Amino acid sequence: MKRERTNVVVTVIIALVGLAVLFPFFWMVRSSFMSNIEIHRYPPILLPTTWRLENYPYTLSVFPSLRYMLNTLTIALPSVVGVLLTATLAAYAFARLDFPLKRLTFILVIGSMLMPGAVTIIPIFIAWSALGLSNGYTALIVPAFLGGGAVNIFLCRQFLMTIPRDLDEAAIIDGAGHVRVLFQILAPLITPVLISIGLFTFILYWNDLLGPLIYISRNEQNTISQALANFRSGFGTDWKSIMAACTMAIAPPVTLYFVGQKYFIEGIVLSGLKA
Amino acid sequence: MKARRSRSSTLTAYFFLTPALLGLLFLTILPMFGVVLISLTNWSGLENPQFIGLGNFKEIFTEDLYFLRSVVATLYFALGAVVSGIIYSFTVALMLNQRVLARGFWRSVYFIPYVVPSVGTAIVWSWLYESNFGVFNYVLHLLGANKVQWLQSGVTAVPSIVIMVVWGMGSMIVIFLAGLQNVPRAYLEAVEIDGGNAWHKFRHITIPLMTPVIFYNFLMSMISNLQVFVPAYALTRGEPGGRTLFMVFLMYREGFIHNSFGYASALSLIFFVFIAALTVVIFATSRRWMFYEGE
């Protein structure tokens, strides 16, 4: 087979468009270190004349982002646990066990993937109100423990099906129960997909806006996305602080992405190609 | 494998499935009945609900000036975002599938906008779109064009949001790229041997083999973009003149700002029927253009 050389034209286009994709991030960070006068200079200047590090302590004093991030973690971390646990359990049942109405339950559970979540927000809110739990984190965390989402169940199941049954059958003959087979033998073998699901779930909760808007009213309980949206409407013209707040809200997911890049890419590829 | 269907395996299965089935019951099935029932009432959530039959629907279809605008805005946005998103990400994926220097690096770059909070990116973009000091108008000025009131003018508001959302669709690039890498080289080489050029390869091998991936991306991004909410909440609040009054934002406003649960539920139900019908149409037409290997 002939060895093809690097396609220079395409590389240049990809790099130029790629830089354009990065531009909003560059503009955000650059604006966050300027004074408001400098930000509003026209024509715009590329970089701050002096990098005003003091913008960040100031922004933190009006926008306590650490508090908001902690609030978000309080919701996101238990939710990741809930999703991983309950999605794996359901996936194991579908991949390994035989039971009456298996086909029907599978179609119903996976079919709910197509259900637009926004449709049912009102009755679910009313149900939480009736339980007295409509103002707080409970209503945002509990759903994660109820199956963990159709896509995640499906992904886990597809992965479990690729593992030869001999492995768990041998363990069952040796007297291991299903719980042990799942958590001690199979779960370690599907760790990569579990990491992907965990990362995506975390990002999903970090970025969610509609849920927190419905269930969290007190400012000191706000999540980071919610607080950011409110900050922008409250501090409409203080662009340097708004950009600093955006930078602080965007930094954690970007860091997480660079750390777990491989799992992000794999997770997306799998959900798109296995379905 | 008959022996597996024992009592114990049935019990274990349903035990393992309990969370998922409770979720199906309490987060999907019962709430759907709830939406139908609440939509027949006039309810602010404080006093007891009042049964008013189809009153909400009558009002939505005959009196509500916002409703039609909202449907148009949502459909316009979703179609625009999905079609341009697929063209953008498929094109980038095709380019990344060539011999490109530092391909992995660029793939990561294109993916970043997907993982960051959409509220943050919406705010940053609103600063780029700002009419007097924003970068986009400065670039237009350099090109000798007039200023554009990006998010404030009726003509450009939705397209501006579309551009911003398409920028965030890095996940589709990754899916398309993986799909392209699955296209067997042997097929492409067969075309070469038969004297076909790059276009023949693209038209008769790549496109047919990619139709299932295109279908998946189209369907899933249609469902998620019809539920667009963040740009309307964080940036435009439905303005100008209801041009960005997307359905979910309207539902949120009626339900949680105006406390009209009955009315908002009626809107939800219409929205559901709307999405369901569209999904059926997409599935039905897919038979015509989707290529199944082995047929």
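Throughout, read-outs are computed from the coordinates displayed, never taken from laboratory work. Since we're looking at a predicted model, the values are computed, not measured. Positions of Cβ are generated from backbone atoms using ideal geometry, with glycine treated the same way; all protein chains shown enter the neighbour counts.
For the reader, a short list of remarks on this structure follows.
- Rounded tilt (10° steps) of A:261-273 against the dominant C-alpha axis of chain A: 60
- Fraction of the pair-distance distribution of the range B:1-160 above 28 Å, Cα-Cα pairs, percent: 60
- Rounded if a/c under 1.5, otherwise prolate or oblate - chain B, Cα gyration tensor axes: oblate
- Three-way shape call for the range B:142-295 based on the alpha-carbon gyration tensor, with the a/c threshold at 1.5: oblate
- The range A:159-226 - Debye-derived log10 I(q)/I(0), Cα point model, q = 0.13, 0.14 Å⁻¹: -0.58, -0.61
- Over all pairs of different C-alpha atoms, the range B:116-168 has a mean inverse distance whose reciprocal, the Kirkwood radius, equals 11.4 Å.
- Helix A:121-130 and the longest principal axis of the C-alpha atoms of chain A enclose an angle of approximately 80°.
- Residues in the range B:64-71 carry Karplus couplings, in order, of 6, 6, 6, 4, 5, 4, 5, 4 Hz; the curve used is 6.51 cos²θ - 1.76 cosθ + 1.60 with θ = phi - 60°, and Gly or Pro positions show x.
- Volume per residue of the convex hull around the Cα atoms, evaluated for the range B:67-196, comes out as 177 Å³.
- When shorter helices are ignored and each DSSP H run of at least 4 residues is given -39500 (n - 2.57), the per-residue value for the protein assembly as shown at 222 nm works out to -21000 deg cm²/dmol.
- Proxy reagent accessibility, fewest Cβ within 10 Å first, across A:Asp208, A:Asp166: A:Asp166, A:Asp208
- Ranking of B:His141, A:His178 by neighbouring Cβ atoms within 10 Å, starting from the fewest: B:His141, A:His178.
- What separates the Cα centres of the range B:227-295 and the range A:116-133 is a distance of 18 Å.
- Positive minus negative residues near A:Glu38 (Lys, Arg vs Asp, Glu; Cβ under 12 Å): +4
- FRET efficiency estimate (nearest 0.05) - Cβ-Cβ, A:Ile163 to B:Val155, R0 45 angstrom: 0.25
- In this calculation the C-beta distance from A:Thr191 to B:Asn146 is compared with R0 = 45 Å, giving a FRET efficiency of 0.20.
- For the range A:55-273: relative contact order, % (alpha-carbon pairs under 8 angstrom, 6 or more apart): 35
- Rg to Rh, two decimals, where the range A:55-273 supplies the alpha carbon set and Rh follows Kirkwood: 1.04
- Rounded to 10°, Cα long-axis angle of helix A:65-96 versus longest principal axis of chain A: 20
- Computed over every Cα-Cα pair of the protein assembly as shown and binned at 20 Å starting from 0, the pair-distance distribution P(r) comes out as 18, 52, 27, 2 percent.
- Euclidean distance of C-alpha centroids, the range B:144-182 and the range B:36-107, integer Å: 16
- Förster-model FRET efficiency, 25 Å R0, A:Leu66 and A:Arg41, C-beta, rounded to 0.05: 0.20
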